[in-house]
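To keep things clear, I will list the structure first and then write my remarks on it.
The values are calculated or read from the model by the stated rules, or taken from the named source; none is laboratory data. All values derive from a computational prediction rather than experimental measurement. All Cβ positions, even for glycine, are placed from backbone atoms using ideal geometry, and neighbour counts span all protein chains on display. The area values use the complete protein model at the heavy-atom level, side chains included, leaving out ligands, DNA and RNA. Shrake-Rupley method; radii C 1.70, N 1.55, O 1.52, S 1.80 Å.
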Amino acid sequence: MDVLERLPDAELEVMQALWAQKTYPAASGALMEALAGKRWRMPTLLKLLSRLEERGFVRRDKDGRSNRYTPLVRREDYLAAESREFLQKLHGGSLPSLVAALMDSKAISQKDLAELEDILRGGDGGAGLPVFPV
């Protein structure tokens, strides 16, 4: 998949539950458990998984009478694509503009700034995230 399309919130929640699984393919029951706070019914989950399969985000494998699911898109790849789109759309691709907006709104702390500085110097900001060259 060359360009990742933006997922609706409900489908993104399902993908987050799938990405959080320890092993693949994951059973729909395990996903339902991970989404316990959503009060969704199984048919809703299965419909969302079907949509994700149609979009190429997941693969469905039959396991007897049940289905098991494997993500075809890595969380990191989706996060990077969404972050680039957000930065471009709202800040014209300017990271300093984003940081300034966060500073102005008090949404970024001194600790956040220190972590950001660490990332820019080649560290991971203490978050264990992949480091991108500056």
Under a cut-off of 30 Å between alpha-carbon atoms, report the lysines in cross-link reach of Lys62, not counting same-chain residues fewer than 8 places apart.
Lys22, Lys38, Lys47
With the Cα gyration tensor of the range 84-127 giving a ≥ b ≥ c as the square roots of its eigenvalues, does the rule (a/c under 1.5 for rounded; else a/b larger than b/c for prolate; else oblate) give rounded, prolate or oblate?
oblate
Obtain the nm distance between the two label points defined at Leu79 and Met42 by a simple spin-label model: each point lies 7 Å from its Cα along the Cα-to-C-beta direction.
3.2
Amide H contacts under 5 Å for Asn67, placed H, 5+ residues apart:
Ser28
For Rg and Dmax of the Cα atoms in Å, one of (i) 15.9, 54; (ii) 13.5, 39; (iii) 18.0, 56 was computed from the structure I shared and the rest are decoys. Which label?
(iii)
Quick one: which residues, 5+ away or cross-chain, put their amide H under 5 Å from the amide H of Arg59? H built at 1.01 Å from N.
Thr70, Leu72
Within straight-line cross-link reach of Lys111, aspartates and glutamates at Cα separation under 16 Å, skipping those fewer than 8 residues along the same chain
Asp124
Ignoring everything except DSSP H segments at least 4 long, calculate the 222 nm mean residue ellipticity for the chain; use -39,500 (n - 2.57) per segment, divide by total residues, nearest 500.
-16000 deg cm²/dmol
Report the residue, chosen from Ala80, Ala114, Ala26, that carries the largest GNM mean-square fluctuation when the chain is represented by alpha-carbon nodes joined by springs under 10 Å.
Ala114
In whole Å, what is the distance between the alpha-carbon centres of the range 98-126 and the range 20-65?
35
The size of the Cβ-based charge dipole (Lys, Arg +1; Asp, Glu -1) of the chain about the Cα centre, to the nearest 20 debye, is 700
Rank-order 36-43, 65-72 by packing density, defined as the average count of other C-beta atoms within 10 Å over each peptide's residues, highest first.
65-72, 36-43
The chain - percent of accessible surface contributed by carbon and sulfur, probe 1.4 Å:
52
Residue-normalised value, i.e. accessible area per residue, for the range 1-128 at 1.4 Å probe, in Å², stands at 68
Could you calculate the FRET efficiency of Asp63 with Lys89 from 1/(1 + (r/R0)^6), where r is the beta carbon distance between them and R0 is 41 Å, rounded to 0.05?
0.55
